[in-house]
Amino acid sequence: MGFQAHLWLLVIVCGLKSPSATSACTTESCEEDDAALVQTAKLRKDDGHQGIYRDPSKCNIFTLWEKDEEGKDVALMPRLVLETWRRHTRGLCNDPVLISDENVRELVPDLPEEYFRLPYSAAKSDFLRYGMLYHHGGIFIDFDMVAMDDMDDIVRMAHTLDLLSYSPHDEKCNDFSSNFLGGRRGSPFFKKVWEEQKSTLTNHCEAADRRRQKVCCFEDPKLQCHIPWGGLGERLSHKVFLRERPSSAFCFTGPESFTPNFFAYALEWKPQLEDAQAVFREKNIPAALDRKVYHLFNALMHWKTYSCATLFKEGTLIGRIMNKTFTVGRGNQTSSEASSRDFLKAHPEFVEVSRHHLSPDGRHLPCVAAQIG
């Protein structure tokens, strides 16, 4: 596979279809699964959402895509991150599915009404990812997960595993991160988490419970649900994982984790590349600048305030990451495929980052840098 990551598999060797794919449920539960997935298949047969054709033989990439709290369009950095996935999965995956309130019901037929009362985007994203992957399979990413190289092996794993993720330290995935998730359509693990999430939202609380640190939606449809941070995400999914471990799981960990030790510290406090490298050497962090994917900690770094020139400034840690991803493998290739043109027509905010722009210092960048310095 080309990876040195630790692998934990109970049923399959990666790249081979799991026996559990056909035998993990009882006859009755299999019929229920089939009915749910057939309903999703009806949605998949047409030309795709928003008029974008989706090849059913290719993988899907999902992310929640909403305007910010002020109603402004999505900033440059999230668009660049999604563009890294578009390029590094070209030929393997369809263009990313950008999920919004307008198309979410089309994608998840059993979405409960309470979803539209979730109070913030992270809660929506936490709630959606397991149901989306159960119904469609593929990869779900937060928009601060940057792809650094071609994703052939990762896509292949997502086609066969019940759970694909990463973990800072745990080769058995006990503390897997949900900001990058992958897996096959119909994964029993995704189904278990999705069913528990729906049950948690639809079993309503009393209005007096609003002040308690618990997940609560209320009978009154005018009241927003109360969702503690992570309450619909890893707090819930980790419990399901420990209670009913998936038949097949893979987590990138150790020297292949998507969050090297001290990486967030370096981004915030040691932004110059030489200073960051000194930290990684001092702390003996292996392959700190050679991971397949990086979590860029948007909540910490507020990347939406960064310009193209700042993001691609040479001599900085973020500049090293952004310059590398758009020069290696398929990262330096634009696309003229019809499906790509359809995506850009539906999402014109990606037109800029889908092209090459000559910078003042002679580099080809995926954004317009008026000044480099």
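Quick notes on this structure:
- Being of a type in the set (A, V, I, L, M, F, W, C) and at pLDDT below 95 holds for only one residue in ALA309, ALA299, and it is ALA299.
- Residue within the stretch 190-198 that is at pLDDT below 95 and surrounded by fewer than 23 Cβ atoms within 10 Å (Cβ to Cβ) present: no
- The helices (runs of 4 or more DSSP H) found wholly in the stretch 71-164 and carrying at least 3 residues that are buried (at least 21 other Cβ atoms within 10 Å of the Cβ) and not small (Gly, Ala, Ser) occupy 76-88, 121-136, 152-160.
- Identity of the residue in the stretch 165-186, within 14 Å of PHE140 (Cβ to Cβ) and charged (D, E, K, R), that ends up surrounded by the most Cβ atoms within 10 Å (Cβ to Cβ): ARG184
- Within this structure, SER178 passes the test of being closer than 18 Å to PHE297 by Cβ, modelled with pLDDT of 95 or more and assigned to a loop (DSSP other than H, G, I, E, B).
- For the stretch 317-329, the condition holds for at least one residue, the condition being that it is under 17 Å from CYS93 (Cα atoms) and within 22 Å of the chain's Cα centre (by Cα).
- The set of residues from the stretch 113-137 being more than 24 Å from LEU161 (Cα to Cα) and among the hydrophobic types (A, V, I, L, M, F, W, C) comprises PHE116, LEU118, ALA122, ALA123.
Every residue, every condition in (1) more than 22 Å from GLU268 (Cα to Cα); (2) touching a Cys at 6+ places or on another chain (Cβ under 6 Å); (3) basic (Lys, Arg); (4) exposed (fewer than 13 other Cβ atoms within 10 Å of the Cβ), yes or no:
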| residue | (1), (2), (3), (4) |
| --- | --- |
| TYR294 | no, no, no, no |
| MET322 | no, no, no, no |
| VAL328 | yes, no, no, no |
| ALA370 | yes, no, no, yes |
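Let's see how each residue does on (1) among the hydrophobic types (A, V, I, L, M, F, W, C); (2) under 21 Å from the mean Cα position of the chain (by Cα):
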site: HIS226; (1), (2): no, no
site: LEU232; (1), (2): yes, yes
site: LEU236; (1), (2): yes, yes
site: LYS239; (1), (2): no, yes
site: CYS251; (1), (2): yes, yes
site: GLY254; (1), (2): no, yes
site: PHE258; (1), (2): yes, yes
site: PHE262; (1), (2): yes, no
site: LEU267; (1), (2): yes, yes
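- Number of the exception - GLU337 against (1) surrounded by 13 or more Cβ atoms within 10 Å (Cβ to Cβ); (2) acidic (Asp, Glu); (3) closer than 19 Å to ASP150 by Cβ: (1)
- Segments classed as helices (runs of 4 or more DSSP H), wholly inside the stretch 297-373, with at least 2 members that are within 23 Å of ASP152 (Cα to Cα) and of a type outside the set (Phe, Trp, Tyr): 317-325, 338-346
- Residue within the stretch 226-241 that is of a type in the set (Ser, Thr, Tyr), modelled with pLDDT of 95 or more and in contact with a Gly (Cβ under 9 Å, 6 or more places away or on another chain) present: no
- In the stretch 199-219, the qualifying residues are those that are closer than 13 Å to PHE116 by Cα and of a type outside the set (A, V, I, L, M), and the one that is surrounded by the fewest Cβ atoms within 10 Å (Cβ to Cβ) is THR202.
- 2 or more residues over 30 Å from ILE321 (Cβ atoms): qualifying helices (runs of 4 or more DSSP H) within the stretch 186-276: 188-202, 234-243
- Condition broken by GLN272, with the remaining ones in (1) buried (at least 17 other Cβ atoms within 10 Å of the Cβ); (2) in contact with a Ser or Thr (Cβ under 7 Å, 6 or more places away or on another chain); (3) farther than 26 Å from LEU82 by Cβ satisfied: (1)
The values are calculated or read from the model by the stated rules, or taken from the named source; none is laboratory data. The structure displayed is predicted, hence computed values, not measured ones. As a convention, Cβ positions derive from the backbone with ideal geometry for all residues, glycine included, and neighbour counts pool all protein chains shown.
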